[in-house]
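Have a look at the structure below, then the notes.
The values are calculated or read from the model by the stated rules, or taken from the named source; none is laboratory data. Since we're looking at a predicted model, the values are computed, not measured. Ligands, DNA and RNA are excluded from the accessible area calculation, which covers all protein heavy atoms including side chains. Shrake-Rupley method; radii C 1.70, N 1.55, O 1.52, S 1.80 Å.
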Amino acid sequence: MALRAALVVHVFALAAAGCVHMLPLVQTPGPVDPPPSADPVPSGQGRVYVDVVDGPTQIQVVKSVEGTDQVNDMQFETETLEVQSACTTPCVLDLPLGRHLLAFPERGSGGVDLASVIASPTPTVYRRALGFRQRGGAGFVLGLLGVIFGGSSFATGAALLPVGLADGSHDTRLAGAITLGAGAVLTAAGIWAILHNPATEQAGAGAQYGLGR
């Protein structure tokens, strides 16, 4: 029973820690006519005109690279983004025919949004509205710490209290009750702080349009 209660609190705490306030979706931008270009498209490549609604933006053409990392005796699979080229929108990308990943910056954070584009034999235009992500304030950080330490304290108390009740140990029973109660209060306060100081997120949106020429 104690283990079950501890698991329930931890699941709830983790759910609260992931609390994100989602802003309404941005509207997918429509196509634009790119400026004429006299440069021919290189053989075996496709031309993609890239435009960002929010204004001139540095974007990158990236490639996902998988690898492994070792910590002590354990190996972990890793994934990194290898930058292949970059430009500032509105710009023209001549890419090998096929699918490619573009990395767009997220407003409000140092993160990136990834978008898939296809370089085809006929020119296309890709337009994007940037996404937004902002971490919760100081209350979110304090709340997260409260959830982490409070949940651990609750789990410890939930384990000690039944032991003290079973063997009649006053000290163990008292320690379990105090730890359990303090953990519950701290976890509840942490969850409250997280819910009232959530991270804010708004997903970006983009679309690729054929130019037919």
Report task. Enter the accessible area of GLU79 (Å², nearest 10), with the probe set to 1.4 Å and all protein chains included. Result -> 130
Query - Values of log10 I(q)/I(0), in the order q = 0.23 Å⁻¹, for region 41-107 under a Debye, Cα-only, solvent-free model - result: -1.00
Query raised in the report: Using modelled amide H (1.01 Å from N, peptide plane; none on Pro or chain starts), what sits under 5 Å from the amide H of ALA86, excluding residues fewer than 5 places away?
Result: VAL61
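Given the Cα-Cα distance of ASP69 and SER169 and 0.36 nm per residue of separation, how much length would full extension add, in nm?
On the way: separation 100, 0.36 × 100 = 36.00 nm, distance 4.70 nm.
Full extension from ASP69 to SER169 adds 31.3 nm.
In terms of solvent-accessible area of protein heavy atoms at a 1.4 angstrom probe, what is the ranking of THR88, THR68, THR172, highest value first? List each step's numbers first, then the result.
Numbers: THR88 75, THR68 100, THR172 40 Å².
These residues rank, largest area first, as THR68, THR88, THR172.
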